[in-house]
Amino acid sequence: MKKQKIQFVVILIVLAVLIAATFGMKWYNKNKEEEKTAEEEASTIYISKVDVDTITAFSYEVDHVTYTFTKDGDTWTYDGDTSLDMDEEAIDSMLATLSSLTAIEEINDYTDLKEFGFDQPEDLISYTTSEGSVSLFVGNKNDTLNAYYIISADGGSIYLTETSLADAFSKTIEELTVTEDAESTENAEGTETVLDTESVSESTEE
């Protein structure tokens, strides 16, 4: 009997050790994962990091034409013609590019902006939040890395990013306007056809 009690105690101790080891390993793995995530975040170079919902105005250039938009409540309006009905989803998709714009390289040591296409930059994307405004110039494309040079209008570092802001912000006002045909299509898709069974029944009886 005494021997059985000893064996039972030993089994309990072994189980306790195994349980503790399991939880300890889970805790260790979780901490390592959090450390890895923190290290990756710390090493990430952000050109722009913003909550899209906080953007109250933005502008960009296409073929030397500047398009400026202002948010009125939850609705975007085109400053050039506030009567236009804007495609909210298309605009949100464009702005999403700015929410977490990262760089693969940050260049601080440079002497000639012309080398990167910033002597006479044509593409300028700007946005405004309650914290202020940010303006980014898009320069040349690095064909070797398939990436693009970007610099803040305030100067400072030159960034190399794999995201093409020029492509993201290339829509004309016509492409961002909801047309009557599109609205008619949406209304038609949202309309449910109801069969008048009573009329059909009467016709059948006749």
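The values are calculated or read from the model by the stated rules, or taken from the named source; none is laboratory data. Keep in mind that this is a model prediction, so the values were computed, not measured. Note that each Cβ is placed from the backbone with ideal geometry, even for glycine, and that neighbours are counted across all protein chains shown.
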Scanning the stretch 99-122 for residues that are at pLDDT 90 or above and either surrounded by 16 or more Cβ atoms within 10 Å (Cβ to Cβ) or assigned to a strand (DSSP E or B) (or both) gives S100, L101, T102, A103, E105, E106, I107, L113, F116, G117, F118
Checked the stretch 133-151 for anything under 21 Å from D51 (Cβ atoms) and free of Cβ contacts under 8 Å to residues at least 24 places away in the same chain; matches are S133, S135
Residue pairs within 8 Å by beta carbon, gap of at least six or interchain, first lying in the stretch 113-132 and more than 26 Å from A57 (Cβ to Cβ), second among the acidic types (D, E), listed first then second, are L113/D119
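Are any residues in the stretch 162-180 under 16 Å from M94 (Cβ atoms) and β-branched (V, I, T), and if so, which ones?
As a first pass, look at the stretch 162-180 and keep what is under 16 Å from M94 (Cβ atoms): 163-178.
Scanning the stretch 162-180 gives T163, T172, I173, T177, V178.
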Mind checking whether some residue in the stretch 89-97 is farther than 23 Å from E162 by Cα and assigned to a loop (DSSP other than H, G, I, E, B)?
no
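Got a sec? Which of G80, G73 is of a type in the set (G, A, S), under 30 Å from T179 (Cα atoms), in the same structural domain as V178 (by TED's automatic domain parsing) and surrounded by 12 or more Cβ atoms within 10 Å (Cβ to Cβ)? It would help to see each step written out before you state the result.
Values: G73 fails: surrounded by 12 or more Cβ atoms within 10 Å (Cβ to Cβ).
After ruling out the rest, the residue left standing is G80.
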